[in-house]
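*Asks:* Below: one structure in structure tokens.
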Amino acid sequence: MATSSATIAAVVKAVREDRLWQRHMDLANIGATGRGGVNRQALTPEDAEARLRVLAWAATRGFSPSVDAIGNVFIRRPGTDPTASPVVAGSHLDTQPTGGNFDGVYGVLAAFEVLEAASDAGVTTDRPLEAVVWTNEEGARFQPTTMGSAVFAGALPLETALATTDTAGVSVAQALAETMQRLAIPQRRAFRCPMAVYLEAHIEQGPLLETTHHTIGIVSGIQGLRWFRVEVTGEEAHAGTTPRRIRKDAFVAAVRMVTALQELLYDSADTVRFTVGRFEVTPNSPNTVPGRVLFTIDLRHPQAEVLSRLGDQIEALCRAQAHDCSVVVTETLSSPPVEFDPAIRAWLTQSAARQALAHMDIVSGATHDAKYMADLYPSGMLFVPCRGGISHNEAEYAAPADLAAGTRILAEVMLTLAHH
Ligand SMILES: [Zn+2]
């Protein structure tokens, strides 16, 4: 049975801003630092506590939880067709060591609010509705980031993830076992179990929506990334006695390289992201000509061909600037751009227009769990503004009205797609 637009509108109307905000504040108490933020790193007792809180809310609504072997938790509101794959939305509850109260948390609570709103409106759907909590999105305690969704998607072997240790030597396997014991969810779930669609709501973590006065960002994709390690070798020499002509100064060569890179990667449209975040000088002594410099390059762009073209020029450019030094350029990481499903983006855009919310297309500068879902299922993301564009920071803040607005878009699209 097709759901009427009146039914969908009833669910949208049942989204409650006060409840959604209160839930954010409830979770903000778990791992609170006392400075307005939280430290709730993946698979800690605090992470387990936050998951338990959401599971308790789910239990009072009669929603059923399941969990997979990397600890991703799925909360299901059943549909009327038992064979239909679910419409899923979610994000993560783990945080950075000095994290905020909205990064990730919003995506989980927005999805959960849609399930609750559907129940409050007394609406049945053909497909189940699900809220997912992905394990270890942040990658602060255990690397890499987006671990749970990567394992789910088959991009990271489960054994590799489980063997990863934190700085104290505790493995994911140990920490996960403790978390799972507390959660006590009997129902197990297979990896890559089909989804009809995957959606993720998130705070923008950047300044664009706020500065352009838009409430909703329709995320077109996630930009690609290439990491390089550049090692410049010269010759250590006495700073007082060695003439310039015969110096092999690795620092001077590295500065030439960075200057040339800045020119190469200058982009008047300001889309290219280029960062030299680490710069190590050896021996780092005031009166010795540096014999060795190691620096890193983080290069990002939303278009695969631009990222390839620019990244492929880096090694030759560094060589050209090496002069009397030698240079070794190594690419250490490559992650192609993701483009979200055009049909999902269109649904989100139509919904924002129908609800008369100022909206714009936006590229995600940060990675998200949706990256891995986009390879498997029709997927999409929406952003809401966060104050000053500040995230991964205890001062992170999003307005209750904006959080609710994004949730209403999520509700409309989830409900629309939950019918055959
Ligand atoms: Zn996040």
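The values are calculated or read from the model by the stated rules, or taken from the named source; none is laboratory data. Given the structure is predicted, the values throughout are model-derived calculations rather than measurements. Every residue, glycine as well, gets a Cβ built from its backbone with ideal geometry; the counts of neighbours run over all protein chains shown. For accessibility, only protein heavy atoms count, side chains too; no ligands or nucleic acids. Shrake-Rupley method; radii C 1.70, N 1.55, O 1.52, S 1.80 Å.
*Asks:* Starting from 0 in steps of 5 Å, tell me what percent of the Cα-Cα pairs of the stretch 106-239 lands in each bin.
*Replies:* 2, 6, 11, 15, 16, 15, 12, 9, 6, 3, 2, 1, 1, 1, 0, 0, 0
*Asks:* Enumerate the amide H contacts of Leu156 below 5 Å, restricted to partners 5 or more residues apart or on another chain; note that Pro and chain-start residues carry no placed amide H.
*Replies:* Those lying under 5 Å, H to H, from Leu156 are Val151.
*Asks:* Over all alpha-carbon pairs in the chain, figure out the percentage whose distance exceeds 34 Å. The partial results should precede the final answer.
*Replies:* Details: 32011 of 87990 pairs.
That fraction is 36 percent.
*Asks:* With the cut-off at 1.5 for a/c, could you classify the stretch 165-274 from its C-alpha gyration tensor as rounded, prolate or oblate? Mind showing how you got there, number by number?
*Replies:* Values: a/c = 3.61, a/b = 1.64, b/c = 2.19.
Oblate shape, in that a/c is at least 1.5 and b/c is the bigger or equal ratio.
*Asks:* For the chain, with every protein chain kept in place, what is the accessible area per residue (1.4 Å probe, Å²)?
*Replies:* Numbers: 17580 Å² over 420 residues.
Value returned for the chain: 42 Å² of accessible area per residue.
*Asks:* On to the next question. At 1.4 Å probe size, with the rest of the protein present, what percent of the exposed accessible area of the stretch 54-183 is carbon and sulfur atoms?
*Replies:* Values: 2070 of 3900 Å².
Of all accessible area on the stretch 54-183, carbon and sulfur atoms account for 53 percent.
*Asks:* I would also like to ask the following. Give the calculated FRET efficiency between Ala184 and Thr242 to the nearest 0.05, with a Förster radius of 51 Å applied to their Cβ-Cβ distance. Let's see the in-between values first.
*Replies:* Numbers: r = 69 Å, r/R0 = 1.35.
Step by step, r from the Cβ atoms, then E = 0.15.
*Asks:* Round to a whole number: what % of the accessible area of the stretch 191-322 belongs to carbon and sulfur, probe 1.4 Å?
*Replies:* Numbers: 3330 of 6670 Å².
Looking at the stretch 191-322 in its full context, I get 50 percent from C and S.
*Asks:* Something else: Please work out whether the stretch 261-399 counts as rounded, prolate or oblate from its C-alpha gyration tensor, where a ≥ b ≥ c are the square roots of the eigenvalues and a/c under 1.5 means rounded, while otherwise a/b larger than b/c means prolate and anything else oblate?
*Replies:* In terms of gyration-tensor shape, prolate.
*Asks:* Here's something else I'd like to know. Please give the per residue volume of the convex hull enclosing the alpha carbon atoms of the stretch 169-233, rounded to a whole number of Å³.
*Replies:* Values: hull volume 18.1 nm³, N = 65.
Cα-based convex hull of the stretch 169-233, divided per residue, equals 278 Å³.
*Asks:* Moving on to the next point. Enter the Cα centre distance for the pair the stretch 153-177 and the stretch 312-358, rounded to the nearest angstrom.
*Replies:* Each part reduced to its Cα centre gives a spacing of 28 Å.
*Asks:* GNM, the chain, Cα, under 10 Å: largest mean-square fluctuation among Arg226, Arg345, Arg309?
*Replies:* Residue with maximal mean-square fluctuation among Arg226, Arg345, Arg309: Arg309.
*Asks:* Could you give the size of the charge dipole of the chain about its Cα centre, using +1 on the Cβ of each K and R and -1 on the Cβ of each D and E, expressed in debye and rounded to the nearest 20?
*Replies:* Numbers: 35 positive and 46 negative charges, 26 e Å.
Dipole about the Cα centre, nearest 20: 120 debye.
*Asks:* Can you tell me the dipole magnitude for the stretch 224-290 around its Cα centre, using point charges on the Cβ only (Lys, Arg +1; Asp, Glu -1), in Debye to the nearest 20?
*Replies:* On the way: 9 positive and 8 negative charges, 27 e Å.
So the dipole magnitude of the stretch 224-290 works out to roughly 140 debye.
*Asks:* What's the ranking of 338-344, 241-247, 56-62 by average number of surrounding C-beta atoms within 10 Å, highest first? All intermediate terms of the calculation are to be shown ahead of the outcome.
*Replies:* Numbers: 338-344: 18.1, 241-247: 9.9, 56-62: 12.9.
The packing order, highest mean first, is 338-344, 56-62, 241-247.
*Asks:* Which percent, nearest 5, of DSSP beta bridges in the chain are antiparallel? Write out the running numbers ahead of the final one.
*Replies:* Numbers: 46 of 68 bridges.
Antiparallel bridges make up about 70 percent of those DSSP assigns within the chain.
*Asks:* Under 1.5 on a/c is rounded, so check that first for the stretch 19-173, then, if it is not, pick prolate when a/b is larger than b/c and oblate when it is not; a ≥ b ≥ c are the square roots of the alpha carbon gyration tensor eigenvalues.
*Replies:* Judged from the Cα gyration tensor, the stretch 19-173 comes out oblate (a/c at least 1.5, b/c at or above a/b).
*Asks:* Quick check for me: using +1 on Lys/Arg Cβ and -1 on Asp/Glu Cβ, what's the dipole size of the stretch 58-136 about its Cα centre, in debye to the nearest 20? Walk me through the intermediate numbers first.
*Replies:* Values: 4 positive and 9 negative charges, 25 e Å.
In debye, rounded to 20, the stretch 58-136 gives about 120.
*Asks:* Pick out which of Leu333, Leu310, Leu156 has the largest mean-square fluctuation in a Gaussian network model of the chain, springs linking Cα atoms closer than 10 Å.
*Replies:* Maximum fluctuation in the GNM of the chain, among the listed residues, is at Leu333.
*Asks:* Pick out which of Glu231, Glu280, Glu204 has the largest mean-square fluctuation in a Gaussian network model of the chain, springs linking Cα atoms closer than 10 Å.
*Replies:* Glu280
*Asks:* Of Ala304, Pro186, Phe383, whose Cα points farthest to the positive end of the dipole of the chain (charges on the beta-carbon: +1 Lys, Arg; -1 Asp, Glu; origin at the Cα centre)?
*Replies:* Of the options given, the answer is Pro186.
*Asks:* If R₀ is 22 angstrom, what is the calculated FRET efficiency for the pair Ile390 and Thr33, using the beta carbon separation as r and rounding to 0.05?
*Replies:* Numbers: r = 15 Å, r/R0 = 0.70.
For Ile390 and Thr33, the calculated efficiency is 0.90.
*Asks:* Once phi is turned into ³J(HN,Hα) by the Karplus curve 6.51 cos²θ - 1.76 cosθ + 1.60 with θ = phi - 60°, what whole-Hz value does each residue of the stretch 65-73 show in order, with x for glycine and proline?
*Replies:* So the J values, rounded to whole Hz, are x, 9, 9, 9, 6, 9, x, 5, 10.
*Asks:* Now for a different question. Would you compute, for the Cα atoms of the stretch 338-416, the largest minus smallest coordinate along each principal axis and list the three values in descending order, in whole Å?
*Replies:* Principal-axis extents of the stretch 338-416 (Cα, largest first): 35, 29, 19 Å.
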